[in-house]
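Here the structure is laid out as structure tokens; the discussion comes afterwards.
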Amino acid sequence: MAKISTKNVAEAIYESAKDKSGTELERALSNAKDFLVKKNLISKSAEILTHLQKLADKDSGTVRAKVLSSDKLSDHKVSEIKTSLKHRYKAEHIILDPEEDKTLIGGVRIEANDEIIDLSLKNKVKQLQNHLLAN
């Protein structure tokens, strides 16, 4: 028996519910729920929802990014980061999840689309240290 991946389940649910509304959407989601129960996949619902969110974001041109900084970001800095990410990922919408990380000396660390952009002073000091030790 082949194992059903949560990614494939999410894709199937997304395609079955896409562009539907009202009773059609209710029926598609009810069928998805019945399938998850029948295949004992309810325990995997968090993973499936994560994949569904990624599919919906991709379709809508949305990029979600976690931004770590030592202090609260100013509105201007948030705007700069959003603009940079829009250009980098050719996205229509950017959703930032700012978090304070007191281990950072300064700068920011951005996690978006399975990529980490580390612009923190801590990282720059580490890069400088590695460069000086290598030369």
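Things to note:
- The chain: antiparallel DSSP beta bridges as a percent of all, rounded to 5: 55
- Footprinting exposure proxy for ILE81, ILE116 (fewest neighbouring C-beta atoms within 10 Å first): ILE116, ILE81
- Euclidean distance between Cα centres, segment 1-68 to segment 74-90, Å: 29
- The chain, helix-only ellipticity at 222 nm - DSSP H runs n ≥ 4, -39,500 (n - 2.57), divided by all residues, nearest 500: -18000 deg cm²/dmol
- Loop-located GluC sites (Glu not before Pro) in segment 29-128 (DSSP state other than H, G, I, E, B) with a sparse environment of at most 13 neighbouring Cβ atoms within 10 Å: GLU92.
- Dipole moment magnitude, nearest 20 debye, segment 89-131 about Cα centre, only Lys, Arg, Asp, Glu C-beta charged: 380
- Against the chain, whose longest principal axis comes from its Cα atoms, helix 22-38 is set at around 90 degrees.
- Charge dipole magnitude, Cβ of K and R +1, D and E -1 - the chain, Cα centre, debye nearest 20: 320
- Whole-number Å³ per residue for the convex hull built on Cα positions in the chain: 179
- Computed magnitude of the charge dipole of segment 61-134 (debye, nearest 20; Cβ of K, R +1, Cβ of D, E -1): 200
- Projecting the Cα atoms of GLN53, ILE105, GLY22 onto the charge dipole of the chain, computed from C-beta unit charges around the Cα centre, puts ILE105 farthest toward the positive end.
Every number in this text was worked out from the coordinates using simple rules, so none of it is lab data. As the structure is a computational prediction, the values presented were derived from the model and not from experiment. Cβ sites come from the backbone with ideal geometry, for glycine too, and all protein chains shown count toward neighbours.
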